[in-house]
1. So the check is Cβ under 7 Å with 6+ separation or different chains; which pairs have a first residue in the range 102-116 that's more than 14 Å from ALA74 (Cα to Cα) and a second one that's assigned to a loop (DSSP other than H, G, I, E, B)?
2. Just the residues that are touching a Leu at 6+ places or on another chain (Cβ under 8 Å), closer than 20 Å to TYR105 by Cα and in contact (Cβ under 8 Å) with a residue 24 or more places away in the chain, please, taken from the range 48-85.
3. Which fully enclosed helices (runs of 4 or more DSSP H) of the range 176-277 have 1 or more residues being of a type outside the set (Phe, Trp, Tyr) and at pLDDT 75 or above?
4. Run ILE166 past the list (1) under 24 Å from the mean Cα position of the chain (by Cα); (2) not in a helix (DSSP H, G or I) and report the number of the one that doesn't hold.
5. Go through the range 153-191 residue by residue and tally those that are under 30 Å from LYS109 (Cβ atoms) and in contact (Cβ under 8 Å) with a residue 24 or more places away in the chain.
6. Take the residues in the range 192-203 that are under 25 Å from PHE145 (Cα atoms) and touching a residue at least 40 places away in the same chain (Cβ under 8 Å), then tell me which one is nearest to the chain's Cα centre (by Cα).
Amino acid sequence: MFKYKILLIYFSLLIFYGCSKETENVSLIKETNQKVEMISTYKEGMNLLEVGDYFAAGKKFLEAEILFPQSQWASKSVLMASYSYYMQDYYSLAIDNLKRYFNTYPKDKNLVYAHYLLAMCYYETIEGEKKDLAPLLLSKKELNFIINQYPETDYAYDARFKIDLINDVLAAKEVYIGRHYVKKEKWIPALNRFKNVLENYETTAHVEEAIHRLVEIYFKLGMEEESLKYASLLGYNYNSGEWYEETYKIFNKKYEVSLPKNEKEKSKILSKIKNLF
C-alpha cells in the first residue's frame, strides 16, 4: 500500500501549494484576529504534517476549521485532517471527517480529491477474500464515481487500475465461498458462485478455476453434457493451465479437447461464456 500513499502525497501537495500562496496573500491584508488565529493554527498543522506527527496535525487542522468555519480554509482544513489521519492509518477517523466534508462543503472545488481519499481509506482496510468485503465494495463505488464524474483526471486513471485489483479480490471471494459450498455438497449455490466469476470477473485470474469447478460439479451431478461444455471452454482458453489438467482427469482421459489450430482464432472468453447461459 506504500505506493498508494506516495500517490496521495503527490495529490495533497497540490492542495498544499495552493494554500501556501493564499497564506502569503492573506498576510498582506489586515484580517480579523479570528482569521489570523485560524491561519496560524492551519500552519501549525502543516508543520506537524511535514515532520510526520500526523495525529497531532489532524487535530490542528480541525481546530483551524472551528476557528473560522465560514472561510475557504475550512474545507481545506477538513481535507487535510482526513489526509493526516489516513497517513496515520486511522482510517475510521479519516472516513468520518470526509463524510462530514461532503455534507458541509458539497460544492467545494476539491471534491474529486476527497472522493479519491475516501476510496483509499476503504481500500486500505481490505484484508483478503476470507474477510468482510464491505469496505472493498465501498471503495469500488467511490472509484467508479470518480471515473464517471471526473474521467479525464489523474484520479480516474488510477481508479481504473485499482478497480481491476478490487475485482480480483471479489472474484477470489466468490471462488472461496464456492469451494465451501462444494465441501458441503450444496451444488446450486456453488454453481451460482462460480458462474458469477465468469459473468462479472472475466478478466481476473480466477476464471480458470471457476470453469474447472463447474466441470467438476456438473460431472458429479451426472449432467455430462453441461460438464463437457465447460470442459471444452476451459480447454479452448486455458489448454496449458493446471486446472485444465485437473479437468482432464475428471473424464479419466476419455475426453479430448480439440484445440484451435491458430491462436489468433481464439475469441474473447466473454463471447464464449454468453452462449452458455
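The values are calculated or read from the model by the stated rules, or taken from the named source; none is laboratory data. Treat the numbers as computed from the prediction; the structure is a model and nothing was measured. When we count neighbours, we look across all protein chains shown, and the Cβ atoms used for this are built from the backbone with ideal geometry, even at glycine.
1. VAL112/TYR150; VAL112/THR153
2. GLY58, SER77, VAL78, LEU79, MET80, ALA81, SER82, TYR83, SER84, TYR85
3. It comes to 187-200, 207-220, 224-237, 242-250.
4. With respect to (1) under 24 Å from the mean Cα position of the chain (by Cα); (2) not in a helix (DSSP H, G or I), ILE166 is out only on (2).
5. Residues flagged as under 30 Å from LYS109 (Cβ atoms) and in contact (Cβ under 8 Å) with a residue 24 or more places away in the chain within the range 153-191 amount to 8.
6. GLU202
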